[in-house]
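So the structure is just underneath, and the comments pick up after that.
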Amino acid sequence: MIDFGQQLYNAWQLSNGAVLYRDVGCIYGPLSEYLNAGVFWLFGPGLIVLAIANLITFAGITTAIYLIIRQGWGALAAWLSTLIFISVFGFSQFVDAGNYNYATPYANETIHGMLVSLLLCLALFAWTNRPTATLSFVCGLFAGATLVLKPEFIVASLAMTLLAAFVG
C-alpha cells in the first residue's frame, strides 16, 4: 500500500499523546485524525483495526445512500443503487496501489467527509419536512463537522444547506 502509512502513523502517534499540527503533520482538518486516534486508543494500533473502522464507515455510507435514494425513488431503486454502489465502488481496485478503496483509503477524511455529508443530507430532508430546533442543531452539527474534514465537503454542505433553506 502506498501512502496509507500516514493514516496509521498519525493515528498511532496521536493515540500516544502527540499533538496534531505540532508533533504530527496533516494537511486536512483534525476530525478524522482524532477519530482514528480514538479507535487506536480503544482497540490498539494496527492496520486491521483501522480497516475495520473504515469498513464500518463504509457501511454507514451505504446505509445513508439507501435511505436517501429510498426517499426519492422508492425501495427497488434504493436496493439497486446500493448494490451498484457496493459492487462498483466498494472494493474495486483500478490501479496497482491498494489504497484507493474504502477499507484503506488514501485519506480517511474523504470517507468520513462523505459519510458526514450524506448524514447532513438526511438531516436536511427531515428538517425540510418538519423544521424543529433539534433538527436545526443536528444539521448545524453535521455542517460544522464538514469544516474540519476536507475542503471539498465544505462546498457540498454549503450547497445542500442553501438548497434546503430555499426549498424549506
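Select, from Thr63, Thr57, Thr104, the only residue that is surrounded by 16 or more Cβ atoms within 10 Å (Cβ to Cβ), part of a helix (DSSP H, G or I) and among the polar types (S, T, N, Q). Can you show your working first?
Numbers: Thr63 fails: surrounded by 16 or more Cβ atoms within 10 Å (Cβ to Cβ); Thr104 fails: part of a helix (DSSP H, G or I).
On inspection, the qualifying residue turns out to be Thr57.
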If Trp79 satisfies all but one of (1) in contact (Cβ under 8 Å) with a residue 12 or more places away in the chain; (2) surrounded by fewer than 14 Cβ atoms within 10 Å (Cβ to Cβ); (3) farther than 27 Å from Met160 by Cα, what's the number of the condition it fails? (3)
Check whether at least one residue in the range 115-124 is over 16 Å from the mean Cα position of the chain (by Cα) and part of a helix (DSSP H, G or I), and report yes or no. yes
Gly74 fails exactly one of the following numbered conditions: (1) over 19 Å from Tyr100 (Cα atoms); (2) modelled with pLDDT under 95. What is the number of that condition? (2)
Kindly indicate whether Leu14 is outside any loop (DSSP other than H, G, I, E, B) and surrounded by fewer than 17 Cβ atoms within 10 Å (Cβ to Cβ). no
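Identify the residue in the range 107-126 that is among the polar types (S, T, N, Q) and surrounded by 21 or more Cβ atoms within 10 Å (Cβ to Cβ) and, among all such residues, is farthest from Glu33 (Cα to Cα). Please lay out each step first, then the result.
The initial filter retains those residues of the range 107-126 that are among the polar types (S, T, N, Q), namely 108, 110, 117.
Now drop any that are not surrounded by 21 or more Cβ atoms within 10 Å (Cβ to Cβ), which leaves 108, 117.
Details: Asn108: 8, Ser117: 18 Å.
The qualifying residue farthest from Glu33 (Cα to Cα) is Ser117.
Find the residue count for the range 127-155, including only residues that are surrounded by fewer than 17 Cβ atoms within 10 Å (Cβ to Cβ) and either touching a residue at least 40 places away in the same chain (Cβ under 8 Å) or not in a loop (DSSP other than H, G, I, E, B) (or both). Walk me through how you get there before you give the answer.
Let us first name the residues in the range 127-155 that are surrounded by fewer than 17 Cβ atoms within 10 Å (Cβ to Cβ), namely 128-134, 136-137, 140-141, 144, 147, 151-152, 155.
From the residues that got through so far, the ones that are either touching a residue at least 40 places away in the same chain (Cβ under 8 Å) or not in a loop (DSSP other than H, G, I, E, B) (or both) too are 128-129, 133-134, 136-137, 140-141, 144, 147, 151-152, 155.
Matching residues across the range 127-155 total 13.
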When every residue in the range 20-71 that is touching a residue at least 40 places away in the same chain (Cβ under 8 Å) and hydroxyl-bearing (Ser, Thr, Tyr) is compared, the one farthest from Thr146 (Cα to Cα) is Thr57
Kindly check whether there is at least one residue in the range 22-30 that is modelled with pLDDT of 95 or more and either over 19 Å from Asn10 (Cα atoms) or surrounded by fewer than 15 Cβ atoms within 10 Å (Cβ to Cβ) (or both). yes
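The values are calculated or read from the model by the stated rules, or taken from the named source; none is laboratory data. The shown structure was predicted, so the numbers you read here are calculated from the model rather than taken from an experiment. FYI the Cβ positions are ideal-geometry reconstructions off the backbone, even for glycines, and counts take in every protein chain you see.
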